[in-house]
Amino acid sequence: MRLPFALLAVVLAGSFAFHAYRAEHPTSSYQSADERSYGALALGLAERQSYDGARTALHWPPGAPVMFALAHAVSPHPDSERTRDIPAAYWAQALASLGTLLAAFGLAWALAGMWAGVVAAALVGFYPPLILATGEQVSEPLGAFLLTAGFCTLAWAAERRWLPGYALAGAVLGAAVLTRADLLLVPFLVALLCFGWLWRARRDPRRGLAVGGLLAAGALLAIGPWAAYASLRADRLVPVTQGSAAPLFVGTYLPGKGHTVGMKRALEDEVKRFKPSVRDTPPFHIPAGHYMEMIAARHPDLPEDAAIRREARENVRRYALGDPLGFGVMMLDKVQRMWTRYARGGARHTSPWIRGWHVALVLGCLAGLLAGLWRRRPVLLAAVLLAAAYSTALHTIVISQARYNLPLMPILISAGVAGWFLWRREREREPAEAP
C-alpha cells in the first residue's frame, strides 16, 4: 500500500519541478489574442471588480479570467496593466496542472486500482504539452483540471453509490464548461448516458433517473448564474459565451480548408480591398476581426453576429451540398488536425519527438479504453469516450486546433490506462474460471 503512494509523491515532485520552471520562464516573446483578452478580463475583475477589459467580453468564458484575477490579487505585478501579462497566472496554471495529475490518479484508481492511478498520474504529470501550457496565459490547463476532477468525482460517487456525489460531479463539470465553452453539452450527455446505462444494464430506471437528474442539476447550478448574467447583459440567451458565429464560418468555409490561416489566405484580396490600411500586411498578420467585419458587411441590415451566422449557413448550403466529397475530406482533415497534433502555443515550432509521443499516447489510450469497454463495459469508460467523441464532432464543424485536445487528454489517458488494467485483469481471470 505504501509503495504506490511513495511513487505518486515522486511523480508529483518531478512534475512540480517542470511546471515550476515553466511558471518562472513563461512564453513572454509572444502573446496570442486569447492570452491578451484573458489578461485584460482578469485585470478588470481584480482591479475594478468588473467583467470588462476586452472588446467583446462575453466572447470569453469566465473560468480562466477568475483564476488569473485571484492570482493577481494574491501577487500583483505593476506592469500587468500595461502588458496584460500576469506573472502570478503562470503559477496558478502550475497548481492547476498538479491538481490534474492528482485527479487523474483518483480517476484511474477508482476505475482499475491504485497501480493504474500511479501510471496515469505519471503520464499526465509529465505530458509535455500540459507542461508547456503552464507558461501560456490560456484556459486549457484549468479546463483540463476541472474536467478530470469532474470525472474523478463521478467515478468515486459511482464506486461508493453516494447520490450527493453525482450532484457534486455535475457541478464540477459545469465549472469546466464555464472555463471551456466547447464542453457545454458534456455534463448533460454524461447524465443521459448514466440514465440509459442504469436503466438498461441494471433494470433500474428510478436510480438512473436519480443519477442523471443529479448530474444535470449540479451542472445547471454551476452554469445557471453566469448564463443569467450574460444573457441579461447581452439582451439575448447566452449559455456561456457569445460570438460562436465566427468559428462556425471559418470551420465551414471550404476554400479556407476549415481553419483560420487558410481562411485568411483565401480571403486576402477581398479583405485588403475592404480595409486598404492592411494592403501591405501579410494575411497571417491581419487580425481575424477585420475578416469578420468584412463578412458581416455583406449583410448591413443585420447585427454582426447574425450576419456571420447567415454566411456560415450559406457555406453549408454551398459546400456541403454542392461539394459533399470535398466538404467531407475537410471534416476528416479537421479530426486529424485535432488529434495528431499537440498543443504547443503560438511561439514555438512543432517538435517531432513530442508529436510522436502525443500520437502514441492518443492511440494507446484509445485502444486501452476500447479494450476495457469490450471486456468490462464500465459506464465511466463509455462516458469518457462520449466526451471525446462529442468534442471531436463539434470541432469538425467549427474551427479545429490541436489545443482543443489538451483538456481531454488527462481523462483519455486515465481511462486508457484503466482500460488496459481491466483488460489484463479479465484475461488473467479467464483461465482460472475455465476449469
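What residue, among those in segment 56-98 that are free of Cβ contacts under 8 Å to residues at least 60 places away in the same chain and not in a helix (DSSP H, G or I), is least open to solvent (accessible area, probe 1.4 Å)?
That would be I86.
Could you look through segment 309-340, keep only residues that are farther than 18 Å from S400 by Cα and of a type in the set (A, V, I, L, M, F, W, C), and pick out the one that is surrounded by the most Cβ atoms within 10 Å (Cβ to Cβ)?
L321
Looking for whichever is part of a helix (DSSP H, G or I), touching a helix residue (DSSP H, G or I) at 6+ places or on another chain (Cβ under 6 Å) and open to solvent by 60 Å² or more (accessible area, probe 1.4 Å) here; the options are L101, L7. Which one fits?
L7
Considering (1) touching a helix residue (DSSP H, G or I) at 6+ places or on another chain (Cβ under 6 Å); (2) open to solvent by less than 60 Å² (accessible area, probe 1.4 Å); (3) over 25 Å from V271 (Cβ atoms); (4) modelled with pLDDT of 90 or more, say which one A343 fails and leave the rest.
All conditions pass for A343, except number (4).
If a residue has to be among the aliphatic types (A, V, I, L, M) and under 18 Å from the mean Cα position of the chain (by Cα) to count, how many in segment 65-101 make the cut?
Selection size over segment 65-101: 8.
For segment 185-204, what are the residues that are surrounded by 22 or more Cβ atoms within 10 Å (Cβ to Cβ) and of a type in the set (A, V, I, L, M)?
Those that are surrounded by 22 or more Cβ atoms within 10 Å (Cβ to Cβ) and of a type in the set (A, V, I, L, M): V186, V190, A191.
Report the residue count in segment 395-427 for those that are within 30 Å of H259 (Cβ to Cβ), out of contact with any His (no Cβ under 8 Å at 6 or more places or on another chain) and either open to solvent by 50 Å² or more (accessible area, probe 1.4 Å) or outside any helix (DSSP H, G or I) (or both).
So the count comes out to 6.
Under the condition of being assigned to a loop (DSSP other than H, G, I, E, B) and touching a helix residue (DSSP H, G or I) at 6+ places or on another chain (Cβ under 7 Å), which residue from segment 272-293 is surrounded by the fewest Cβ atoms within 10 Å (Cβ to Cβ)?
Filtering first and then ranking leaves R279.
The values are calculated or read from the model by the stated rules, or taken from the named source; none is laboratory data. For clarity, every value in this text was computed on a predicted model and none was experimentally measured. Heads up, the Cβs are rebuilt from the backbone with ideal geometry, glycines too, and the neighbour counts pull from every protein chain shown. Note: areas computed on protein heavy atoms with side chains; ligands, DNA, RNA excluded. Shrake-Rupley method; radii C 1.70, N 1.55, O 1.52, S 1.80 Å.
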